[in-house]
Amino acid sequence: MIKKSLPPTNAAVVIAAAGTSSRTGTSVRKQYLPLGRGTVLSEAVKPFLRTLHCTVLVITIPADENDIPANTALSADKEINALLHQTKLLFVHGGKTRQESVKCALEAIAALPDSDVDIILVHDAARPFVTDDIIRNTAAAAVEHGAAVPAVVPVDTQKETDGRGMIIRHLERSLIAAVQTPQAFLFNPILEAHRKASNDGCTYTDDTEIWDKYVGRVFTVPGDVCNKKITFASDVGKTMNNSQQIIHTGLGYDIHPLVPGRKLLIGGVELPFDKGEAGHSDGDVLLHAVTDALLGAAGLGDIGSFFPSEDIKWKDADSAVLLRAVWQKITDAGWHLVNIDCIVKLEQPKFLPYRNTVCSSIAEILGTTAENIFVKAKTGEKMGDVGKGGAIEAWCSCLLQK
């Protein structure tokens with residue numbers, strides 16, 4: 001799949017979760033079924049928060065339900081809370097049809113006093129396996145063409161029937177697209193199109209039909225067969241079992257001398273001390289080890305290949321900024337963080353009082369929760385450069401998944 005770059009864009013996301021789940025066969029609606037570290041709903045939401053500059057997130061909920069079940073389903077995944085800090089979250093009651101529910105969501109966004117939305121992405125809550133690439137490519141194509149949707153070529157040969165079982169036309173499979181979600185549109189045109197569609201007496205199965213009738217053609221981008229829609233409770237297990245998961249580990253290490261006149265930075269946190277790390281950048285030994293571990297796990301190189309010490313522009317560079325730049329490339333490649341475990345070796349000062357702050361700092365840089373980050377400290381027992389107070393070392397191991 002060719003990855004499209006997404007220009008700076010304010011995006012709103014609508015997660016359609018107002019259905020009754022009548023075919024699921026459980027007392028729990030399918031969007032609230034457990035999946036991964038959270039629920040079907042939280043897994044459907046999370047990739048959008050990771051990938052887009054999402055200013056507004058709207059969850060449409062059933063008319064007979066308050067926002068507590070949906071809120072609980074989201075908060076079941078603690079990573080959601082870390083990702084939501086710059087996003088306005090709305091819960092909107094849906095209508096009798098998907099069309100009505102999406103219009104309710106669009107009107108709620110339009111009614112916000114500070115709404116400045118460029119594009120809108122509408123996604124089924126029952127598609128929790130959507131990828132970052134699908135989201136990014138669909139959004140970029142919508143910015144370029146006005147409307148876009150991911151699509152896959154059907155595997156089976158397609159026929160048109162007369163509704164009574166008789167084939168009346170043999171269709172060219174390569175020209176047929178089975179569309180998925182998210183469906184992405186320029187916000188103002190799709191809002192006006194929905195307003196017109198609500199009064200024309202017709203029923204539309206998805207938003208691309210409405211756009212096609214009132215605005216223009218819809219562009220397709222490559223979808224993914226793994227971006228399946230859950231219909232029955234058993235689909236959760238089947239889809240997980242049929243999805244290929246890749247797990248990579250990474251190991252990072254760094255060492256820096258400790259000298260007077262420099263800040264002692266560990267994990268983006270300055271510790272009060274009379275010495276700090278000597279280095280071409282700011283010398284944050286822990287963030288350097290974390291950066292190398294993540295790059296190694298993703299197979300993308302090492303910190304020196306990205307930020308060579310002989311390049312003057314990295315002189316005294318903020319290691320947190322460097323790590324964010326590397327992490328963006330890693331997530332662009334489809335990797336997600338499972339956890340990080342680190343060791344910092346230094347004689348003084350005592351690290352324990354700062355450990356939680358350091359874990360939170362690294363989590364903030366990587367857009368995850370502090371529970372996915374752990375840092376231990378060891379001394380040199382008065383031996384070697386570290387034991388004599390002349391150096392600081394750090395190791396990091398990480399686990400990435402896609």
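The values are calculated or read from the model by the stated rules, or taken from the named source; none is laboratory data. All values derive from a computational prediction rather than experimental measurement. Please note: Cβ atoms are built from the backbone with ideal geometry, for glycine as well, and neighbour counts cover all protein chains shown. Surface areas here come from the heavy atoms of the whole protein model, side chains and all, with no ligands, DNA or RNA. Shrake-Rupley method; radii C 1.70, N 1.55, O 1.52, S 1.80 Å.
Observations on the model:
- Pairs, first closer than 21 Å to ALA370 by Cα in the range 64-80, second part of a helix (DSSP H, G or I) and open to solvent by 20 Å² or more (accessible area, probe 1.4 Å), C-beta under 6 Å, six or more apart: ALA73/TYR32
- Filter pass, SER101 being free of Cβ contacts under 8 Å to residues at least 60 places away in the same chain and either part of a helix (DSSP H, G or I) or in contact with an Asp or Glu (Cβ under 7 Å, 6 or more places away or on another chain) (or both): no
- Hits in the range 101-114 (condition: of a type outside the set (A, V, I, L, M) and either crowded, with 17+ Cβ neighbours inside 10 Å or in contact with a strand residue (DSSP E or B) (Cβ under 7 Å, 6 or more places away or on another chain) (or both)): SER101, LYS103, CYS104
- Condition check for LEU57: open to solvent by less than 10 Å² (accessible area, probe 1.4 Å) and in a helix (DSSP H, G or I): no
- Taking residues in the range 149-165 that are closer than 25 Å to VAL130 by Cα and hydrophobic (A, V, I, L, M, F, W, C), and partners anywhere that are open to solvent by less than 60 Å² (accessible area, probe 1.4 Å) and outside any loop (DSSP other than H, G, I, E, B), the pairs with Cβ atoms closer than 7 Å and at least 6 places apart or on different chains are VAL149/THR138; VAL149/GLN183; VAL149/THR208; ALA151/ALA178; VAL152/ALA178.
- Test: HIS145 is surrounded by 13 or more Cβ atoms within 10 Å (Cβ to Cβ) and either out of contact with any Asp or Glu (no Cβ under 8 Å at 6 or more places or on another chain) or of a type outside the set (A, V, I, L, M, F, W, C) (or both): yes
- Inclusion of ILE365 among residues that are within 24 Å of the chain's Cα centre (by Cα) and open to solvent by less than 10 Å² (accessible area, probe 1.4 Å) is not warranted.
- Among the residues of the range 257-268, the ones that are in contact (Cβ under 8 Å) with a residue 24 or more places away in the chain and open to solvent by 20 Å² or more (accessible area, probe 1.4 Å) come to 3 in all.
- Hey, VAL92 touching an Asp or Glu at 6+ places or on another chain (Cβ under 6 Å) and either open to solvent by less than 70 Å² (accessible area, probe 1.4 Å) or assigned to a helix (DSSP H, G or I) (or both) or not: no
- Cβ-Cβ under 8 Å pairs, at least 6 apart or on other chains, the range 113-141 side under 20 Å from LEU41 (Cβ atoms) and part of a strand (DSSP E or B), far side open to solvent by 10 Å² or more (accessible area, probe 1.4 Å) and small (Gly, Ala, Ser): VAL122/ALA16; HIS123/ALA16; ASP124/ALA16
- Against the list (1) farther than 30 Å from CYS202 by Cβ; (2) touching a Leu at 6+ places or on another chain (Cβ under 9 Å), the condition ARG37 fails is (2).
- Residue-level check: of (1) surrounded by fewer than 18 Cβ atoms within 10 Å (Cβ to Cβ); (2) of a type outside the set (A, V, I, L, M, F, W, C); (3) out of contact with any strand residue (DSSP E or B) (no Cβ under 6 Å at 6 or more places or on another chain); (4) closer than 28 Å to VAL130 by Cβ, TYR204 misses just (1).
- Of the residues in the range 170-179, at least one is within 14 Å of GLY223 (Cβ to Cβ) and either touching an Asp or Glu at 6+ places or on another chain (Cβ under 8 Å) or in contact (Cβ under 8 Å) with a residue 60 or more places away in the chain (or both).
- With respect to the stated conditions, ILE119 fails to be open to solvent by less than 10 Å² (accessible area, probe 1.4 Å) and over 21 Å from the mean Cα position of the chain (by Cα).
- Test for LYS30: is it modelled with pLDDT under 65 and either open to solvent by less than 60 Å² (accessible area, probe 1.4 Å) or within 25 Å of ALA140 (Cβ to Cβ) (or both): no
- With respect to the conditions (1) under 29 Å from the mean Cα position of the chain (by Cα); (2) surrounded by 22 or more Cβ atoms within 10 Å (Cβ to Cβ), LEU300 falls short on a single one, namely (2).
- Summed over the range 75-103, the residues that are modelled with pLDDT of 90 or more and under 25 Å from ALA142 (Cβ atoms) give a count of 15.
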